[in-house]
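J.: Pasting in a structure now, in structure tokens, and then I'll have a few things to ask.
Bear in mind these aren't lab numbers, they're just calculated from the coordinates by the rules spelled out. Predicted model only: the values in this text are computed from it and were never measured. So basically every Cβ, Gly included, is an ideal-geometry build from the backbone, and we count neighbours across all protein chains shown.
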Amino acid sequence: MDDLTTKNELDNIEQNVSKCFGCKLSKTRKNAVPGSGDYNAEIMFIGEAPGANEDEKGIPFCGAAGKFLDEMLASIGLDRSKVFITNVVKCRPPENRDPEYDEKVACRQYLEDQIKLMKPKIIVCLGRHACVSLLPGQPSISKIHGKALKRPNGIVYLPLYHPAAALHNGGLRQTLIDDFSKLKPLLEKINKEPQKKDKIEFKQETLI
Ligand code: URA
Ligand code: SF4
């Protein structure tokens, strides 16, 4: 992403999300949460849906789970201004219930457009919901966490446990930290590969 038109299109998506009435979550949200970070980031993190803190501030992952995510980013020499962070669903489900099918469908185009315009090299799927939405047909997160998967769009997806789920569960927490440490070597490996002119040319999904 380096031209002004693309930046304008991404800004437009954020403005459209902020005033979106595309599903019933618009009735209960305080603030929609379009995403935040660097449009040129090589890594995009995608969570489930905003919680109470995010709804209050309009910023993704700004509560306890976000603090844990910030710590893991710091451990690999990154901070949130150098990545892009967003969610499958951009408005908070009441009482933090799971996002429903119709809400995910209604919100899907925003995420797809963000991915298409930003063209990240790695998409980190945080938790079951992001995995199910972004990696259709894959086994459950307990089987695929920490295993990078190149999709036909040429982007490498890394499924991780959700930081909120791992926060207070010792075993999961360590697994998440271990999986997270694969991110930097994975990016280095991708950056060493010869640049493909057209990202769509990967035909086969391959576990790497
Ligand atoms: N959990 C999520 O999935 N997303 C957020 O933005 C915050 C918590
Ligand atoms: Fe629109 Fe998505 Fe918010 Fe629903 S969750 S109102 S589709 S931005």
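J.: So how strong a dipole does the range 39-80 carry about its Cα centre when Lys and Arg Cβ are +1 and Asp and Glu Cβ are -1, to the nearest 20 debye?
T.: Rounded to the nearest 20 debye, it is 60 debye.
J.: Given charges of +1 on the Cβ of Lys and Arg and -1 on the Cβ of Asp and Glu, with all other atoms neutral, how large is the dipole of the chain about its Cα centre, in debye to the nearest 20?
T.: For the chain, the charge dipole is close to 360 debye.
J.: Using 0.36 nm times the number of residues separating Q174 and D70, minus their current alpha carbon distance, what extension gain do you get?
T.: Working: separation 104, 0.36 × 104 = 37.44 nm, distance 1.56 nm.
Once the chain is fully extended between Q174 and D70, it gains 35.9 nm.
J.: Related question: Give the Rg/Rh ratio for the chain, taking Rg as the radius of gyration of the Cα atoms and Rh as the Kirkwood radius, to two decimals.
T.: Over the Cα atoms of the chain, Rg/Rh equals 0.94.
J.: What FRET efficiency comes out for the pair K189/R108, r = Cβ-Cβ distance, R0 = 30 Å, nearest 0.05?
T.: The computed FRET efficiency comes out at 0.50.
J.: Do the sum for the chain: with -39,500 (n - 2.57) for every DSSP H run of n ≥ 4, divided by all residues, what is the mean residue ellipticity at 222 nm, to the nearest 500 deg cm²/dmol?
T.: -12500 deg cm²/dmol
J.: Distance cut-off 27 Å, Cα to Cα: go down the list K19/K104; K67/K182; K82/K143; K121/K143; K104/K147 and report the pairs above it.
T.: K82/K143
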